[in-house]
Each structure stands twice: as C-alpha cells, then as structure tokens.
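For reference, the structure is listed below as structure tokens.
The values are calculated or read from the model by the stated rules, or taken from the named source; none is laboratory data. None of these values were measured; they are calculated from a predicted model. Neighbour counts run over all protein chains shown; Cβ positions are idealised from the backbone, glycine included. Areas reflect the complete protein model, heavy atoms only, side chains present, ligands, DNA and RNA absent. Shrake-Rupley method; radii C 1.70, N 1.55, O 1.52, S 1.80 Å.
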Amino acid sequence: MDIQVDKVAKAYERFPALHGVSLHIASGELVALLGPSGSGKTTLLRVIAGLESPDSGRVLMGGDDASRLSVQQRHVGFVFQSYALFRNMRVVDNVAFGLRVRPRATRPPRAEIRRRALELLDFVQLTGLDRRYPQQLSGGQRQRVALARALAIEPRVLLLDEPFGALDARVRKELRKWLREIHDRTGHTTVFVTHDQEEALELADRLVVMSQGRIEQIGTPDEIYDHPTSPYVYGFIGESSHVQAERKSGEILVGGRQTGLRTEGADGPVLLYFRPHHVDLSDGEPGLVGTVTAQRRVGGVRRVELAVEGATEKVEIDIPSGFPAAPGSRLTFRPGRWQTYALA
Amino acid sequence: MTQTLAPSLPEASTRGPRRLIPGFGITLGTTVLYLSLIVLIPLAGLFLKAASAPLDEIMAIAQSNRTINALRVSFGSALVAGLVNLVFGLLIAWVLVRYRFPGKRIIDALVDLPFALPTAVAGIALSTLYAPKGWIGGLFSGNSPFWAWWHEQAWLPFGWSTFSPSIKIAFTPSGIVIALIFIGLPFVVRTVQPVLEELEHELEEAAATLGATRLQTIVHVILPRLAPAALTGFALATARAIGEYGSVIFIAGNMPNISEIAPVLIVIRLEEFDQAGAAVVAVLMLILSFLMLLLINLIQSWSRRRFGDA
Amino acid sequence: MRRVLLAVALVYIAAVLVLPLVLVFTEAFRKGWENYLSAFTDPSSLAAIRLTLLVTVIAVPLNAVFGVLAAWSVTKYQFRGKALLTTLIDLPFSVSPVVSGMVYVLLFGAQGLIGPWLRDNGIEIIFAVPGIVLATMFVTVPFVARELIPLMQSQGTTDEEAALSLGASGWQTFRRVTLPNIKWGLVYGVLLCTARAMGEFGAVSVVSGHIRGKTTTMPLDIEILYNDYNFTAAFAMASLLALLALVTLLIKTVLELRFADELAGTRRH
C-alpha cells in the first residue's frame, strides 16, 4: 500500500518539528528516514502511524485520507525503539495481542490466533521461545518479537523507529540483513527511521534525508551519495571536505588561483565540495595547493590534513600510503568528483 | 622485648578479613543493643506472658466468642477498607500522575495527611463528621439542613418530600471502616505512583497501534503492571488498619461482639488486670499481621521475578 | 472520561481528607477566639503540651542517633543476618500501637515481670512519664533508619573509601563525607519521627494511666476532653496537632521538591 504525505506540519509548544513535509512512498518500497536527532524524522514516522496528529496537512494510505482514522483504525505495524514489549505477557501472548483485542466479529478463533502467533515466531526465527517472558530474551530477540507482534495484525504498512538503535554493532549488522530479507518476503511497504547513514545506505531502496523539520533530498542511495543536491546532504552523507571558492565565467578559483575545474553558473562566491578519496595529485597542473598540517595512516591510504592556500578551512584528502607527506610540505591536488553550491 | 611484638601479628590476622570502613563493632553493637532494649526484649516478654498461661486457658481465650468477634471485626473492616483504598488509591495515583490540574501539588501533599495527622485528632474529627447530626452523618440519618429543606418541597410527586433516610454510620461497624479508610488512604497511592510514573508511554502506544481500545489497554497492559505495587499497597494499608486504635475508638461505639476491634479488647483486658487474656489476643494479632507481612514479601519477590522490578 | 475521573478523585479527597481537617478548625473556633484561647490556659492542658514536648525531645534525638548508626551498619558492611536486622528495625511498624504500649505494661507493670522489684525500689515507669517515653520510642524507632537505609544504600561506600584513602579518620569521614551526603534524608526522617512522636496515641494510652495534668500527652488530653463533652477544648487542642501535621506536610513537600535527589527513592511508611 502506498503512502502519500501531503504538506504535513507539526509544532511542539512553539518549537516546530515539521515544516510542510510532502513525500510519496510507493507500495512495497523500503524507505529510510535519515537525519540527526531533532530533524523531525521520528515525528514524521509518528504522524504516518497516527501517534501524532499533524497541525496541518494530510496522510493518505492507498489513496484514502488516513488523517481522520485513529491509531487503532490505521492498521499500521509499528516497532518502537524501546520495543515496548508487554512484560506481563509471554512472548507468544505479546505476538497474539493484536489479534486478541479485535472485536468479536473479526477476531479469529482462539486456536487460530495461537497458531498464527507461533507461525510468526517461526518466521522471525524464535521457534521454541514462545513461553518465555520478554525480559528473559536478548536485545536482538526482543527486537524480533516486536517485529513479529507488529506483523501479526497484517499491517498495511510497517513502520520502525530506530529499529537497531539499542543493539550492539554485531547484532545490528545481522538484523539489518535479516530485515531486508523479511521485507523482500512479505512485500510490506516499510518505513524506518535511523540516524545511521551506513544503515540507511545499505538497507533502503530510497532515502529521505531530513534536517530541521524539512526534507533535504529524496533519492536512491546512489543518487544521494553521488549527487547530493545541497551542501547539507553532501556533508551529512559520507566523508567530505569543502573550501570557499569563486566562480568566474565558468572557472573555479580558490584564493584567486586557477584550479582547472569548470562549471556553468553565475559568477560569485561558491562552496566547493569533494570527497577525500575522490582526489588526484596533480603535480605541475593547475589544482588546489595546500600545506600539510597533519597526516595519519588510514587502512590502505594516507589521510592528509591540508591548509589550502587562499582558503580558511582545512581539508582532508586521501593519498597513496607511499607518497611523502611530511608536515610542512606542499601538495597540489584536484578533486575528481566534486560539486559547487552558490553561497547565498 | 622483641618477643612481645611477634605474637601480635598472628593475633591480628586471626580476626579475619578487616573491614575497610571503621566503626563496624560500635555501630552494629549499639544498633542491636538499642533495638533489643526498646523492641525485642519487651516483645519477647509478651510471648513469654502469653505462653505462661496454661494451654487450656489460652485455648479458651482464643476461642471465646468475644476474642473471635473482635478479631473478625478488626480483620473484616481492615479488608473492606483496604479494598476501598485499593480502588480509590489507583484512581488517585492515576489522576496525580497522568493529569495536570491547578492545585495538583497541594493534593499530592495532602495525600500524606493521614500519616501526619495524629490518630486521635482524626478520630474525633471523623466521629463528629459522621455522627447522626454531623455534616456527613446527617445526610445519611436524615438529620441535616438538606433534609429539612427537602421536607418542605411538598410540590414533589409521589410524596418524595416525606422521604428521610435513617442510616447510622458513626458508632456502628461502618464507622470503623470509615476510620480505616482514612488512615489507609496513602498506602496504595504511594506504592502505585512511582510505578505509574516510570511506565513507558510507548506501551500504550504499542497497544493502540495493535488495535487495542483504551479500555483493553488499561485492562491488559497497564493494570497488570501496576498490580504488584497495588497489592503491596493494599497489604500495607490492611496491615496498618488491623492494628489501628486511636482513630477507631471514637467512631466505633465499641460494642462487644459488634463494633469492638481487637486492640480495644486488649485495652479492656488490661484494664481488668487480665494480662494473660490481653497477651493472647495480642499474640494472635501479631501472628496474623506477620502473615500479612509475609504476603507482602511474597508479592514483591514474585513481581521481581516476573517483571524484573519491584 | 478524563474529567469524570478527575472529578471523582477530587470529590473523594475532599470528603475523606479535607472535610475532617476543616471540621477540626471549625469546631475549635465555633465559640470564638476567646474560648479557643482559654482552652490553653487550663493548667492540665498546658501540662499535656509540656509533656508532649518533653517526650518528643527525648525520643526523637535518641531514635535519630539510632537511625544513623543502624543505617551505617546495615549499608557500609556485609555481615550475616543483615536481612534479619533490617526486618527487625521495621518491626514496630507492623505492631499495633496498643501492643507496643502493652509490652511495657507486661514488663514493668504492677503484675509485670520486674514490676514488683521496681515497686520495692520506688521506681515508677508504668502510669508515669518514663513509660510514656518508652512507648513513644518503641513506636518511632524505624522512622529515621528506614529513611536513611535506602538512601545510603544508593550512595554506596565509594565516598567513604575515598576519604579513608586520603587519610581521614573514621569520625572525620562520617562528619565531613557521610553526614553532608545524608543531611536532607536525615532531616526528612527526623521530621516524620517528630510528627509521629507528638501524635502517638494508642501506645501511650496503654501506659499512661490517664492522670490529667500528670501523665497525659496532647492526644490523650484530647480524648479526655472529648469524652467529657468539652468539645471546644478538645478541638482546640486537636487544631494545634492538625497545624503541626500541616506544617509537617509543607516541610516534607518543600524537601521533596528541592532535594529530591538527596532523599531516598522509596516513599513508604
């Protein structure tokens, strides 16, 4: 089922959480809401779920306006960051809860509920743990119970708030792969919130990068990584360096010096963004010139910090590990992939 | 001279691992001594006294109608008051934790009034309040300005204006329950309040996303989590009510076999210089209170095992 | 729903808690200020106030010292029987006040275990001031200790160990490290202990003998006045104790608001 978020705005006691956000999520898609804390990503997820009501705007599910439906009627599977498992119920009863509280007319028979709960526990690979209490499980297992519980109500969409936030790194990676599998097998439209870009890039079909209550960019992992549309996204996703530069009839100048980089656009000050590993050392040719201020070995390459001539910012670039780069020495380099953003 | 030094070394080591923080002997010693003198020895004297009576006499006292009735009145009214406090304690805790309203801080502080107000003061106040001519008692006995006004309303159909209730509260067993409700009010509130405050809001949201109505959420999710604390509060309130004396004697009427509580019977036996009789009733009360305490501990350890919290 | 629940709760609190309180002051002032004040010029009533203060001044400091020592020994050391000791400290809470008083009657009374010996030596305990003090002490033993034990437990022993490693003596460690840490908890416990000591009725009633002007404390005096149908005087005396209760609640609330972190987490009595 597809989700259409239409100009949704929401403010908490004067401090705005969402400024007129619009977004379309196609049926069966796996989408990540990515952003730092306070960017409004969790609020957006909760608005979609119906846990928060927007001040203005609408949420449509499958083309129908869901804004007027209560949380109960919306039929979304929501997995909470803290899992919110019911400690007074066994694992199987947690999973069965959503079916048991249905009105008599739509409630499956007792045996059927139990059968489906056990089936879901098999599905999330928790066979045999049905009689445990949640606090007798590990973090990763609790996470899976929470997911099974959300899937039990046959939700129209699956929403997850920082699903791996409380787990240690190893379990995180494991569950990440596993969630992708689950998604591919069930075909649910799935939206999850994360502040971890690696997680988002690896897992999602599309990313929604958010900042300060606005959507900065929506796109596939490739689009976001290779063609960030704003300095914010460039800086937030992956490693990046930037310097102040100037555009003069298509030429990019740093500190008044030719860099050999060309781009169309109006004349004026710009910010030049590039990634440390996308640079070529360009001895003898025009490029950015900098003095080495620090260097350290990072894996197979050497990461060098440079003070660029004519710029106030320091930048970082990766060079071959064998290349001499003593502090104080000068290097000339040219970004292979880069982007400029006009300074407003 | 060197010989005197040598033996002191092994002597020090025989005292076992030394405790790092000094003062173990003196603090523990004083604590045990004080507790023994003030509490333990006098209490032991009570058991000694009760046991010193011949067995058939003990049995006769324990099985006499008056003893059994007094214990029944004490436990019965304590349980009824405990149940009332369980229900209203949950309600008050809920209101104090979940709602915002003007004067909340004052109400919250006022809940502890029964702990701070001397029982004799509560006793005479309640007794006056619930007496047949009192502010509340009058409403039930038909003896209040409201009923005087009511009887003048001759225009009412079916002769309603002649209706007058005649329920007596003070000086009956109901009066005892009223007093015990008063003194037991804070217990459930104060045990449930912290649990409710720490209950994750996500639990209720999770239940809602799974389709549960508000009532289903309360019954299946919230109340089970409050149950151990509420039961502890109920047991504490009941235990306190069983031994209560000061607030009850003024309002109870103290009719033997009807509205005479066990502590009153003890006092009467003491005044009759029947120390054995008093001691047997007291020991019976202590045993029953001890069972209540045991119950509290069982609830708490069960809850720790089950939910991972107290 | 919200409004209904709130209304029910508030009406209930008003009926159960506020009304008795209002009644005490209404009855006390029913016959005007002069009658109210004259209740306190009666020498017997004055004697009752004096006796209550005397009992409090003896019982509270003793129980405060006991509470600190008991909490120190229970929380700073590991030893066998610790759980039993903590239970015993709480014991007076689960004993009926009447029983608390009566144990001393059985011990020191005329027919008591050492009653005859006391009589031969001219020592009066039961139906005299010492008995009243003892009964009050029994009832209020746990107040300070049970406030400090959870507090000191949560604070652990690292502060003390640090002080000792820096060369402080045991007493210096207590004075300069432990005491400042538990200061507000101690004040809180002493406050509750004082309120109970001044208001104790059942235990004191059994050992007092009810000799007006000699062995009656304020709560006992209230009983006598009330049973003599001297309601104005009874409620006048009661209003003093009710005022004391309100002040206790006020200080308690202020302490809880300002020093929440420095008080124990558990609030049960």
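Each part reduced to its alpha carbon centroid, the stretch A:66-125 and the stretch B:43-67 end up 59 Å apart. A simple rule links phi to the HN-Hα coupling: the Karplus curve 6.51 cos²θ - 1.76 cosθ + 1.60 with θ = phi - 60°, which for the stretch A:212-217 gives 6, x, 10, 8, 7, 7 Hz, with x for Gly and Pro.
When you filter the chymotrypsin sites (Phe, Trp or Tyr not before Pro) in the stretch C:1-108 for DSSP loop state and at most 11 other Cβ atoms inside 10 Å of their Cβ, you are left with C:Phe79. If you bin all the Cα-Cα distances of the protein assembly as shown at 20 Å, starting from zero, the percentages per bin are 11, 30, 28, 20, 9, 1. Look at the stretch B:222-228: the mean tally of other chain Cβ atoms within 10 Å of its residues' Cβ atoms is 2.
Projecting the Cα atoms of B:Ser127, B:Leu284, A:Gln197 onto the charge dipole of the protein assembly as shown (Cβ charges, centred on the Cα centre) puts B:Leu284 farthest toward the positive pole. Distance from the alpha carbon centroid of the stretch B:165-186 to that of the stretch B:244-305 works out to 17 angstrom. Over chain B, Cα pairs under 8 Å with separation of 6+ residues give a relative contact order of 27 percent. Buried accessible surface for the A/B pair, both sides summed and rounded to the nearest 100, is 2000 Å² with a 1.4 Å probe.
Averaged per residue, the protein assembly as shown has 45 square angstrom of accessible surface, using a 1.4 angstrom probe with ligands and nucleic acids left out. I'd like the orientation of helix C:43-76 relative to chain C: the angle between its Cα long axis and the longest Cα principal axis, in ° from 0 to 90, rounded to 10. Compared with the principal axis, the helix lies near 20 degrees. Contact residues in the stretch B:191-217 by the 40 Å² criterion (accessible area, 1.4 Å probe, full protein complex versus chain alone): B:Glu202, B:Leu203, B:Glu205, B:Ala206, B:Ala208, B:Thr209, B:Leu210, B:Gln216.
Share of carbon and sulfur in the accessible area of the stretch A:160-284 stands at 45%, probe radius 1.4 Å. Normalised by the number of residues in chain A, the mean separation of alpha-carbon contacts (under 8 Å, six or more apart) gives a relative contact order of 16 percent.
Sparse packing (at most 14 other Cβ atoms within 10 Å of the Cβ) combined with a DSSP loop state is found for the following chymotrypsin sites (Phe, Trp or Tyr not before Pro) in the stretch C:185-268: C:Tyr229, C:Phe259. When accessible surface is computed with a 1.4 Å probe, chains C and B are found to bury approximately 7400 Å² between them, both chains counted. The phi torsions of the stretch C:6-17, fed into the Karplus equation with coefficients 6.51, -1.76 and 1.60 and a -60° offset, translate into couplings of 4, 5, 4, 4, 5, 5, 4, 5, 4, 6, 7, 9 Hz, rounded to whole numbers, with Gly and Pro shown as x. Considering only A:Val208, A:Phe274, A:Ala105, the residue lying farthest towards the positive end of the dipole of chain A is A:Ala105, judged by Cα position with unit charges set on Cβ.
Remark: the stretch C:121-133, residue by residue, has Karplus-estimated 3J(HN,Hα) of 9, x, 9, 9, 10, 6, 6, 8, 4, x, x, 5, 4 Hz, where x stands for each Gly or Pro and the curve is 6.51 cos²θ - 1.76 cosθ + 1.60 at θ = phi - 60°. Rounded to 0.05, the FRET efficiency of the A:Tyr12 and A:Thr229 pair, given R0 = 22 Å and the Cβ-Cβ distance, is 0.20. Accessible area per residue (1.4 Å probe, heavy atoms of protein chains only) ranks A:Glu216, C:Glu34 as C:Glu34, A:Glu216, with the largest value leading.
Between B:Ala179, B:Ala208, B:Ala237, the Gaussian network model of chain B with springs among Cα atoms under 10 angstrom shows the greatest mean-square fluctuation at B:Ala208. Of all the options B:Glu152, B:Glu204, B:Glu57, the one that moves most in a Gaussian network model of chain B with Cα springs shorter than 10 angstrom is B:Glu152.
In the protein assembly as shown, taking the dipole from charged Cβ atoms about the Cα centre, the farthest positive-side position among B:Trp302, A:Ala150, A:Asn88 is held by B:Trp302.
The helix-only estimate of mean residue ellipticity at 222 nm for chain C, built from DSSP H runs of length n ≥ 4 each weighted as -39500 (n - 2.57), is -23000 deg cm²/dmol after division by the residue total.
The charge dipole of the stretch A:56-176, taken about the Cα centre with unit charges on the Cβ atoms of Lys, Arg (+1) and Asp, Glu (-1), comes to about 360 debye, rounded to the nearest 20. FRET efficiency for the pair A:Arg110 and B:Leu156, taken as 1/(1 + (r/R0)^6) with r the Cβ-Cβ distance and R0 = 35 Å, rounds to 0.05. Distance from the Cα centroid of the stretch C:1-70 to that of the stretch C:157-210 is 24 Å (rounded to whole angstrom).
When only the heavy atoms of the protein chains count and the probe is 1.4 Å, how do C:Thr87, A:Thr259 rank by accessible area, highest first?
C:Thr87, A:Thr259
Taking every C-alpha pair closer than 8 Å and separated by at least 6 residues, the mean separation divided by the residue count of the stretch B:194-310 gives a relative contact order of 25 percent.
Other residues with beta-carbon under 12 Å from the beta-carbon of B:Gly134 carry, at +1 per Lys or Arg and -1 per Asp or Glu, a net charge of +1.
Using the rule -39500 (n - 2.57) for each DSSP H run of four or more residues, divided by the residues of chain A, the 222 nm mean residue ellipticity is -7500 deg cm²/dmol.
The dipole here belongs to chain B: it is taken about the Cα centre, uses +1 on the Cβ of Lys and Arg and -1 on the Cβ of Asp and Glu, and is about 380 debye. Under a model in which nothing but the beta-carbon of Lys, Arg (+1) and Asp, Glu (-1) is charged, the protein assembly as shown shows a dipole of about 1100 debye around its Cα centre.
Taking a straight Cα-Cα cut-off under 17 Å and skipping sequence neighbours fewer than 8 places away in the same chain, the lysines within cross-link reach of A:Lys10 are A:Lys41.
Name the GluC sites (Glu not before Pro) in the stretch A:241-284 that are in a loop by DSSP and that have at most 16 other C-beta atoms within 10 Å, would you?
A:Glu264
For A:Asp184 and A:Glu119, the FRET efficiency from 1/(1 + (r/R0)^6), where r spans their Cβ atoms and R0 equals 25 Å, is about 0.85.
Listed by chain and number, the lysines placed with their C-alpha closer than 18 angstrom to that of C:Lys183 are C:Lys76, C:Lys252; residues fewer than eight positions away on the same chain are left out.
Springs join every pair of Cα atoms under 10 Å in this Gaussian network model of chain B, and among B:Tyr34, B:Tyr99, B:Tyr245 the largest mean-square fluctuation is at B:Tyr34. The largest accessible area among A:Asp226, C:Asp228 belongs to the first residue in C:Asp228, A:Asp226, and the rest follow in falling order (1.4 Å probe, all chains). The residues neighbouring B:Asn257, those whose beta-carbon lies less than 14 Å from its own, together hold a net charge of +1 under the Lys/Arg +1, Asp/Glu -1 convention.
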